[in-house]
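Okay, structure first, notes after.
The values are calculated or read from the model by the stated rules, or taken from the named source; none is laboratory data. Just so it is clear, the model here is predicted, and its values are computed rather than measured. Glycine also receives a Cβ, built like all others from the backbone with ideal geometry; neighbour counts cover every protein chain displayed. For accessibility, only protein heavy atoms count, side chains too; no ligands or nucleic acids. Shrake-Rupley method; radii C 1.70, N 1.55, O 1.52, S 1.80 Å.
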Amino acid sequence: MLGAGALSLPGGIAFAADKTSRSDIYTGGSDGSIVTPKGIGLPITGTFLDEISHDIPHQNWGEAEWDADFAHMKKMGIDTVIMIRSGYRKFITYPSEYLIKKRHCYTPHVDLLDMFLRLADKHGMKFMFGLYDSGQYWDTGDMSREVEDNRFVIDEVWEKYGSKHPSFGGWYISGEISRATKGAIDSFYTMGKQCKDLSGGMPTFISPWIDGKKAVMAAGSSLTKDDAVSVQQHEKEWDEIFSGIHDVVDACAFQDGHIDYDELDAFFEVNKKLADRYGMQCWTNAESFDRDMPIKFFPIKFEKLRLKLEAARRAGYDKAITFEFSHFMSPQSAYIQAGHLYNRYCDYFGIKA
């Protein structure tokens, strides 16, 4: 008889899915070349769409390529797409009258927001709109400026796009923080409330990063740092943040790439405990790029992605999303390794690629 919380696998193989279990100590029979259990991780059902690329190369896709990519996502089980930001500094995804006039942003070549919404409509996916990132927070450490710009952006987008597309299903508050940050609670609350009030309560979420040992500058040569946050301090700071935003932020998807693989369970357990305490959903942002290599950034080794998804399942997370399918997992990515990662993921979850 299986113990509480155990998973029954094909062939009568049992794997205990409690918080201390690890697939890398599995001792059952092999499945051809695969010696660990298949499909016990939390499946990825959402992805960011990064068309205002900051530190990864642009793929210069048109609508035909994006249409094909949405089909690949759908086959893998993705039901939610999130535009990671509607603009970054002067580059924007849609012809915003406010941003072009007030912030002197460049008029985009095509209306990417309209295209993504039409493709999400076509493929039966939920689309979540990522707010504008002025870049001022990264320069000053103060999130207050983001409220000023997004006050107009939220209204503009909802009026022009939100009520016209059945796929428009929520909002991503795109400011990325890791610790107690100047203006963060008030900014998240103000933007989250406006999004929900305007759209009749559509869900909102954030995707912060954990200030772990791998939280280093992308432009630097170091892969790790010494002054990583402890689990206890992480819990203390995020307890305060969640207490201030939970009324208007429905989910939190912590980025999972800044901590080491043997730290996943400890941090994930705290994240889930905090989310439950404040009635929020606990998602994971399962990064599909590798932070362990000196070349930034390439598709991640599948085994690393598997360890992260299995830890998310053990912690009882509600959903897994990724940054980001099109560059790092798509069969048509500029990186040939991405298509191989897609194949290994489909092998693991028993999906016919």
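Which residues, counting only those in the stretch 35-77, are modelled with pLDDT of 95 or more and of a type in the set (Ser, Thr, Tyr)?
Once the filter is applied, which keeps residues that are modelled with pLDDT of 95 or more and of a type in the set (Ser, Thr, Tyr), the stretch 35-77 yields Thr45, Thr47.
Which members of the stretch 192-205 meet the condition of being open to solvent by 10 Å² or more (accessible area, probe 1.4 Å) and in a helix (DSSP H, G or I)?
As a first pass, look at the stretch 192-205 and keep what is open to solvent by 10 Å² or more (accessible area, probe 1.4 Å): 193-194, 196-203.
Residues satisfying the conditions are Lys193, Gln194, Lys196, Asp197, Leu198, Ser199.
Answer yes or no as to whether Pro294 is in a loop (DSSP other than H, G, I, E, B) and touching a His at 6+ places or on another chain (Cβ under 7 Å). Show your work before the answer.
Numbers: in a loop (DSSP other than H, G, I, E, B): yes; touching a His at 6+ places or on another chain (Cβ under 7 Å): no.
Criteria not met by Pro294.
Looking only at residues that are open to solvent by 30 Å² or more (accessible area, probe 1.4 Å) and touching a residue at least 12 places away in the same chain (Cβ under 8 Å) in the stretch 124-136, which one is farthest from Ile82 (Cα to Cα)? Show your work before the answer.
Initially, the stretch 124-136 is screened for residues open to solvent by 30 Å² or more (accessible area, probe 1.4 Å), giving 124, 126, 136.
Those still in the list that are touching a residue at least 12 places away in the same chain (Cβ under 8 Å) too: 124, 126.
Details: Gly124: 14, Lys126: 8 Å.
Among those that are open to solvent by 30 Å² or more (accessible area, probe 1.4 Å) and touching a residue at least 12 places away in the same chain (Cβ under 8 Å), it is Gly124.
Return yes or no: is Phe328 closer than 20 Å to Lys214 by Cβ and touching a helix residue (DSSP H, G or I) at 6+ places or on another chain (Cβ under 8 Å)?
Values: closer than 20 Å to Lys214 by Cβ: yes; touching a helix residue (DSSP H, G or I) at 6+ places or on another chain (Cβ under 8 Å): yes.
Taking the combined requirement at face value, the residue satisfies it.
Would you check if there is a residue in the stretch 206-222 being surrounded by 19 or more Cβ atoms within 10 Å (Cβ to Cβ), part of a loop (DSSP other than H, G, I, E, B), out of contact with any His (no Cβ under 8 Å at 6 or more places or on another chain) and not basic (Lys, Arg)?
yes
Can you name the residue in the stretch 264-291 that is in a strand (DSSP E or B) and of a type in the set (A, V, I, L, M, F, W, C) and is also surrounded by the most Cβ atoms within 10 Å (Cβ to Cβ) among such residues? Can you show your working first?
Taking the stretch 264-291 as the starting set, the residues that turn out to be in a strand (DSSP E or B) are 281-285, 289.
Still in the list and also of a type in the set (A, V, I, L, M, F, W, C): 282-283, 289.
On the way: Cys282: 21, Trp283: 26, Phe289: 22.
Per the criteria, the residue is Trp283.
With Ile173, Ile177 as the choices, which residue is farther than 22 Å from Gly124 by Cβ and either surrounded by fewer than 21 Cβ atoms within 10 Å (Cβ to Cβ) or modelled with pLDDT under 95 (or both)?
On the way: Ile173 fails: either surrounded by fewer than 21 Cβ atoms within 10 Å (Cβ to Cβ) or modelled with pLDDT under 95 (or both).
Every option except Ile177 fails the conditions.
Those residues that are open to solvent by less than 10 Å² (accessible area, probe 1.4 Å) and either in a loop (DSSP other than H, G, I, E, B) or among the charged types (D, E, K, R) (or both), I need them from the stretch 301-336; list them, please.
Within the stretch 301-336, Lys308, Glu310, Glu324, Met329, Ser330 qualify.
Please go through the stretch 95-123 and give me each residue that is open to solvent by 70 Å² or more (accessible area, probe 1.4 Å), under 20 Å from Arg151 (Cα atoms) and not in a loop (DSSP other than H, G, I, E, B), ordered by number.
Glu97, Lys101, Lys102, listed by residue number.
Being farther than 19 Å from Gly316 by Cα and out of contact with any strand residue (DSSP E or B) (no Cβ under 7 Å at 6 or more places or on another chain) is the filter here, so list the residues in the stretch 247-275 that pass it.
Correct list: Asp247, Asp260.
Condition first: at pLDDT 95 or above, in a strand (DSSP E or B), within 30 Å of Asp290 (Cβ to Cβ) and open to solvent by less than 10 Å² (accessible area, probe 1.4 Å). Can you find one or more residues in the stretch 236-243 that meet it?
No, that holds for no residue.
For the structure I just gave you, tell me whether Ser222 is at pLDDT below 95 and touching a strand residue (DSSP E or B) at 6+ places or on another chain (Cβ under 6 Å). Steps first, please.
Numbers: at pLDDT below 95: yes; touching a strand residue (DSSP E or B) at 6+ places or on another chain (Cβ under 6 Å): no.
In short, no.
Taking Gly141 and the conditions (1) buried (at least 19 other Cβ atoms within 10 Å of the Cβ); (2) touching a Ser or Thr at 6+ places or on another chain (Cβ under 8 Å); (3) over 25 Å from Gly201 (Cα atoms); (4) small (Gly, Ala, Ser), which numbered condition does it fall short on, given that it satisfies the others?
Gly141 satisfies all of (1) buried (at least 19 other Cβ atoms within 10 Å of the Cβ); (2) touching a Ser or Thr at 6+ places or on another chain (Cβ under 8 Å); (3) over 25 Å from Gly201 (Cα atoms); (4) small (Gly, Ala, Ser) except (1).
May I ask you to say which residue of Glu156, Glu148 is open to solvent by 70 Å² or more (accessible area, probe 1.4 Å), closer than 19 Å to Gly87 by Cα and among the acidic types (Asp, Glu)? Show your work before the answer.
On the way: Glu156 fails: open to solvent by 70 Å² or more (accessible area, probe 1.4 Å).
Answer to the check: Glu148.
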